[in-house]
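Worksheet for the structure shown next.
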Amino acid sequence: MSTANDTTARRMTLAASIVGSGASAKAWNWPGTRWNRFADFEHYKRSAEIARSGNLDAVFVSDHPALQRDARRGPGHLFDPIVLFSAIAAAVPDIGFVLTASTSYNSPYNLARRLASLDTISGGRVIFNAVANFNPDIAANFGADGLLDRDDRYRKADEFLEVVKKLWLSWDTPDGPEPQGPLWDENTARVIDHHGEFFDVRGPLNVPVGPQGYPVISQAGASDQGIDFAGKHAEIVYAALLEKQSAFDFAAKLDAAAQRHGRPADSIRLFPGVNVYLGDTRSEALRRHEAFSGADSEDGLIAQFLVQQRGLNPAFPDKVDADTVLKPEWFEPQEDQNRPIGFSKALQDLVRLEEPTTRQIVRRVGGAGGHRLVIGTPQEVADALIDWWADGAVSGYNAHFPLLHHDLERFVEQVVPILRSEGVFPTGYDSPTIRGRFGLPEPSTTPTEEAA
């Protein structure tokens, strides 16, 4: 992992999630906001503009190609991310895009072409967050075959990435003067002739190699299959991590997986999510956390957490005192669970390493299990972000905010200047491409190296 604690040779990377109305279920109809802004392009464009004003590296959109069943919250996944970011790219310069797309329900050639087109048009600003969908509601929208099991999903995802990477590097155009003779031949526009378990693709791609070689590849799965997949393909790993030591442990697993696949140990940037709650005082930030959680008090947060855990974990007891130390065996991930394994593992790691009570844990993790909570004044939030980064646990963060645009704007105006004053975040864009900002090498266009 590229997380060495020599801070002079690196800088923090930051992205902002701009999913729907905000990270909170209460955001869609928050007083003083338009309830239907999740369906308004101007809402997303304004989020990107705010992120750019703070020189954030990218904005992030997850994807869920099915209408979510919980109608009590505004939908977070409405527009196709490629269409959305194509429109944003034309309107907002510099900002990068963490763009989620499925390896389960796309064809490799079509997705490779669309992502290469957007990466070229935007000047190298695309991160492809590859997901192997686990939700049966999504599977039902793409045919009657049902959901593949985890092993099959990741075998398909592995083959999908092999194909798109070959396609992205299959057509070289000259950098120098106009070529003499044909514009391309069999050496510069190469068929890939892929024939595998899931895909048969001839190639080459009809979009040439782009400004950063090809889009940066991101991955988020934390199962054994997901870690192995990341070790082979990922350049950024977006993860749920709640405790610093577990970040180091997870990084070590990614290192080992990368090396198993013949890659250097510094191939992957660890980029966890954080849920940010800001206040002028810590008390104000805590009250904001309670309000956006729908609990309205710390006791409400505790009751909410206990109900959720009993519904999610078969081993969780019926009665737990708020000040009793929690036990890691109560949070054992289930092989067939219909939620990300990474969230479950992160919660179990936190309980195992720090032995918190329920009263303590509700200020560390959002809801039933999710990303790390960072709550406090701008200085406290900046200090918490710098802490993990300076120790070399992470390369940066994908920040989630309870209410868009309010909390994103506050973060840019109040936290980013502190990060700059501490010398950990730049005052401008130090590279036009995402690869440059994350310190990632361009992939080789030599066919024998890519095929190896």
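Brief remarks follow.
- Axis of helix 108-122 versus longest Cα principal axis of the chain: the two differ by about 80°, to the nearest ten degrees.
- Relative exposure of 327, 165, judged by other C-beta atoms within 10 Å (fewest first): 327, 165
- Here the translational diffusion coefficient of the range 280-372 follows from Stokes-Einstein with Rh set to the Kirkwood radius across Cα pairs; for 37 °C and 0.692 mPa s it amounts to 242 µm²/s.
- Of 13, 100, the sequence from fewest to most neighbouring Cβ atoms within 10 angstrom is 100, 13.
- Between 0 and 90°, nearest 10: helix 244-260 axis offset from the chain longest Cα axis: 20
- Solvent-free Debye scattering, log10 I(q)/I(0), computed from the Cα coordinates of the range 41-115 at q = 0.12, 0.17, 0.26, 0.28 Å⁻¹: -0.38, -0.72, -1.22, -1.31
- Contour excess over end-to-end distance, with Cα ends at residue 73 and residue 390 and 0.36 nm allotted per residue: 110.5 nm
- Extension gain for the segment residue 332 to residue 151, taken as residue separation times 0.36 nm less the Cα-Cα distance, is 63.2 nm to one decimal.
- Measuring gaps between exposed loop sites in the chain (GluC sites (Glu not before Pro); DSSP loop; at most 11 other Cβ atoms within 10 Å), the longest gap, sites not included, is 1-185.
- Nearest 10 degrees, 0 to 90: helix 41-53 Cα axis against the chain principal axis: 90
- Formal net charge of residues neighbouring residue 409 (Cβ-Cβ distance under 13 Å; K, R +1; D, E -1): 0
- Taking other C-beta atoms within 10 angstrom as a stand-in for reagent exposure, 57, 407, 172 fall in the order 172, 407, 57, fewest first.
- Alpha carbon centroid spacing (whole Å) that separates the range 57-98 from the range 391-413: 17
- For the residue pairs 165/345; 45/165; 45/166; 319/345, alpha carbon separations beyond 26 Å are given by 165/345; 45/165; 45/166.
Computed from the coordinates by the stated procedures, all read-outs in this text should not be read as laboratory data. No experiment lies behind these values; they were computed from the predicted model shown. No Cβ is skipped: glycine too gets one built from the backbone with ideal geometry, and neighbour counts run over all protein chains shown.
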